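What follows is calculated from the coordinates using simple rules that are stated; it is not laboratory data. Worth saying up front: this structure is predicted, and the values here are computed from it rather than measured. FYI the Cβ positions are ideal-geometry reconstructions off the backbone, even for glycines, and counts take in every protein chain you see.
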């Protein structure tokens, strides 16, 4: 499970790898214009029904659940943010620690409280 330092160090390594990926992508960009000249709004009209799509996110799985009646706007939509589920690990991390350490431990799990407060 590791401690705060381990989680911090993994974050540092992730940032270093992200920089490597960005530099590699920049060197492989083809020459030419960056933006298209005729940008237009694209409307999305889904088929009637329901569906779930889970995508990878730095904090875990980010999920989208949609119910459609075949209109451009969905009838109902829900977003499953990963931070709420990631809070469940605190039950294992916090017992036996000092209250003053709780802030560092919660911060090291890299949660976004706005996602938790849904």
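In the range 1-34, what residues are assigned to a helix (DSSP H, G or I) and in contact (Cβ under 8 Å) with a residue 24 or more places away in the chain? Matches in the range 1-34: 4, 7, 8, 11, 14. Note on the range 98-118: among residues that are touching a residue at least 24 places away in the same chain (Cβ under 8 Å) and outside any helix (DSSP H, G or I), the one that is surrounded by the most Cβ atoms within 10 Å (Cβ to Cβ) is 111. For residue 76, the test of being more than 19 Å from residue 11 (Cα to Cα) and surrounded by 10 or more Cβ atoms within 10 Å (Cβ to Cβ) is passed.
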